[in-house]
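Peer 1: First, the structure itself, so that you have it in front of you.
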Amino acid sequence: MRVFLLFISLFICFSSSAYKKKRVFKRPKIGLVLSGGGARGFAHIGVLRVLEEKNIPIDYIVGTSMGAIIGGLYAIGYSPDEIEKMVLAQDWTTILSDYVDRKYIPLYLKHEHDRYTISFPIRGKSVSLPKGISAGQNITKLLSRYTLPYHKQKNFDKYPIPFACVAANIVNGEEVVMNSGDIVFALRSSMSIPTFFVPMAKNKQMLIDGGMRNNFPVDVAKRMGAKIIIGVDLQQENKTYETLDNMYSIFDQGLSYLGLEKYYKNKKMVDVYVRPKVGDYSITDFNKADTLIKRGYIAASEIVGKLDSLKNLIGPAHPKMQNLKPLRDKDSLYVSKLNIIGLKTISKRSLLGRLNIKEHSYITISKLEESINRAYAALNLKMVRYIFSGKDNTVLNIYIMEKIQNRFNIGLNYNSWKGVSLLMNTTFNNVLGKSRRLSVDLKLAEYPYLGATYSYSRGWRFGFRLHFDAASFNFAQYYNDEKLLYGAKLFRFDANINGLLSQSYSYSLGVRPEFFSFEKRYGSGRYQSISEGKDIALVEDGEKEPLFNYYAQIRMDTHEKTLYPRRGISFFAELMYTTNNGFSYDNKIDYLNTVIKLKKPFAITQNFTLIPSFYFSGCVTRFNKTIYGNTFIGMNNLKSSIMNNHIPFVGLKENVAVDNNLYVGRFDLQWEFWKDNYIILAANVMGQTTGFKLPSRDFETGIALTYAYRSPIGPIEISPMWSSLNHLASIFINIGFNF
């Protein structure tokens, strides 16, 4: 009997102990709600750090926009310290744009960059506006990397901390709560600020920033099961008439009004309210992340008494450990299967060739991102994103968002030599077959230009290019103190086969029929040839020059940017056999024209760059007697020239025809004294040669000092210059991209 009573007593004791223990862990669930706020959202990191220091457990996280991104990273296991490192390590100007390094852009597309001021998609038979300034390619790629360990987990409730984020469906205005599926898609949708980012589309929904409907989603956390809400609110008080002084403040205030009624209801349900003092920061102040993080930390520290009271209420429970580390560039990923989703007009073969990702093989995270960059740039896509799936997270899914490939592009330029020029370009893709492209240029200017190109590019395999253009231009010649001015008209056809040796190297073999006509505008028409030392007639009135050329070209361009490069190298070489009947010149003689252009910047310090360059143009077999065979110099920028035998020469702002077999050596000292602001000292020397023999007895020099600003609409340049060729000092002004 005593044994029985003892057993009953022990059972009651253990049961009581277990019950008490169970009661300790039966605490109220805590939900953390992080509002949207653009760059102000970095303040959430500081708040998270205080919550960890006070040992406050978090059971649910809900966020909108930047609150979704910070909350999502914390939910899958990153500590506040790791998230801060990620944030501070980014160049946010690049991350929030669709910029891709020039090294990933095929050479045949590089000339398209820094050419147009604005571009419009062509939908159907009409020109329309784009859906957003940026597709968010780089931020999407960044989110893919940081969330990769949890790609396979499609249920956000299964994260270390259950998570949800909010977007809005712009089709019907409804709020969309995302707590399952593709985490990258969910985060990118929640931050799709209208007009700035292109919306994310799925199941006939067009998802935009959740702040449009629910910027402080306390109600979502309540529905998930949270009994106590810690809310971090970045929504600011309404600005006054005086402080609504820029487009960002106006947009920010307009956004806050859209969900104002729900915002006030949600605010009343918050138990621990944190409001960082970030009102003096803009939603675009991404370069002030460090200060914003500190503001969040200070705001949370100021309510430490409330946090202590909360801690006493819930007892000695410990928060979940945060131990996830970001993937490093050299970390390997196994790809068991590759799926491509979203292709419509681009061939799968072309995409796979750019990706160069093999199934049943390993790839590092950096190589994977390079593959994404290569496909994105080469195929001119709107967005390429990836997500892993499968039981073991080894199935690689590549999602393609194709850009509307048919575009209407506009370029605008002013310079003090040519005046105002307007370029209108229409580009059609997949014309008469996939990967075939038709581009038509019309330039309205003092010297008009019409050009059309039909091309088929196949990367490393042979492609072809058919081109026609018609142009008129003036060129000058100097004899003693007299300036001779001539007018020229050019009609040209060009057909070649071409291919890439890599993204930055190309070759082509082709034939180029050309027809020139010349007429004298004013001057005596006599010119003393430097090479032969006697007066010759440069060109007779009404002279015509039909030519039939065969050529081979090699191009290379590895500069990191088109304008004001600091590294890389560019090289162009053309060998052209010139005839006027298809076989020889004048039925008795022929010659080989050669053009060589080389530029190689050297970064001396962080701000100073030395850029030597060398140019040669001439006939390697003999001196030709045609004006077409002369070398043209001046005009500063090669991009604005329609002839390969034109080379830049500082000091001359106009096209000048000089005798053949000419070389120019040039040095530029480039100083970036402020971001995108440059002072450039350029000096060059020009000399004559016979074949490849250097030098001859005569030299000409030129010098220029340029202030340049790299603006969104193109370079703004002011250049005082002088040349010994015309003994004149002048000022050259250029505004906008050259074309």
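Peer 1: So what are the ³J(HN,Hα) numbers for the stretch 427-441, from phi and the Karplus equation (6.51, -1.76, 1.60; θ = phi - 60°), rounded to whole Hz, Gly and Pro as x?
Peer 2: 10, 10, 10, 6, 8, 6, x, 5, 6, 9, 9, 10, 10, 10, 10
Peer 1: For labels at N474 and L681 in the simple 7 Å Cα→Cβ model, what's the distance in nm?
Peer 2: 3.4
Peer 1: Starting from the Cα gyration tensor of the stretch 571-617, take the square roots of the eigenvalues, sort them a ≥ b ≥ c, and report rounded, prolate or oblate (rounded when a/c is under 1.5, otherwise prolate if a/b is larger than b/c, else oblate).
Peer 2: prolate
Peer 1: Another question, then. Looking only at the stretch 283-407, where both bridge partners belong to it, what percent of the DSSP beta bridges are antiparallel (to the nearest 5)?
Peer 2: Approximately 70 percent, going by the DSSP bridge assignments.
Peer 1: Determine ³J(HN,Hα), in whole Hz, for all residues of the stretch 406-417 in sequence, where each value follows from phi through the Karplus function 6.51 cos²θ - 1.76 cosθ + 1.60 and θ = phi - 60°; x replaces Gly and Pro.
Peer 2: Karplus-based 3J(HN,Hα) across the stretch 406-417 equals 7, 10, 10, 10, 10, x, 9, 9, 10, 9, 6, 9 Hz.
Peer 1: Please calculate how many Å² of accessible area the stretch 311-467 carries per residue, with a 1.4 Å probe and no DNA, RNA or ligand atoms counted.
Peer 2: 50
Peer 1: Given axes a ≥ b ≥ c from the Cα gyration tensor, I'd like to know whether the stretch 280-413 is rounded (a/c under 1.5), prolate (a/b larger than b/c) or oblate.
Peer 2: In terms of gyration-tensor shape, oblate.
Peer 1: With θ set to phi - 60°, apply the Karplus curve 6.51 cos²θ - 1.76 cosθ + 1.60 along the stretch 648-662 and write out the HN-Hα couplings as whole Hz, x wherever there is a Gly or Pro.
Peer 2: x, 8, 5, x, 10, 9, 10, 6, 10, 8, 10, 4, 6, 6, 10
Peer 1: Using a probe of 1.4 angstrom, how much of the accessible area of the stretch 144-217 is carbon and sulfur, in percent?
Peer 2: After summing per-atom areas, the C and S share lands at 52 percent.
Peer 1: Turning to a different aspect of this structure: With the cut-off at 1.5 for a/c, could you classify the stretch 85-178 from its C-alpha gyration tensor as rounded, prolate or oblate?
Peer 2: Because a/c hits 1.5 or more and a/b fails to exceed b/c, the stretch 85-178 counts as oblate.
Peer 1: Give the separation of the Cα centroids, the stretch 570-609 to the stretch 333-359, in Å.
Peer 2: Spelled out, the Cα-based centre of one part sits 39 Å from the other.
Peer 1: About its Cα centre, how strong a charge dipole does the stretch 431-472 have in debye, to the nearest 20, once Lys and Arg get +1 and Asp and Glu get -1 at the Cβ?
Peer 2: The calculated dipole for the stretch 431-472 is roughly 460 debye.
Peer 1: In terms of modelled amide H atoms, which long-range or inter-chain residues lie less than 5 Å from the amide H of L501?
Peer 2: S506, Y507
The values are calculated or read from the model by the stated rules, or taken from the named source; none is laboratory data. Note that this is a predicted model, so its numbers are computed, not measured. A quick note on method: Cβ atoms are made from the backbone with ideal geometry, for glycine too, and the neighbour counts reach across all protein chains shown. We work out accessible area using only protein heavy atoms, side chains counted, and drop any ligands, DNA or RNA first. Shrake-Rupley method; radii C 1.70, N 1.55, O 1.52, S 1.80 Å.
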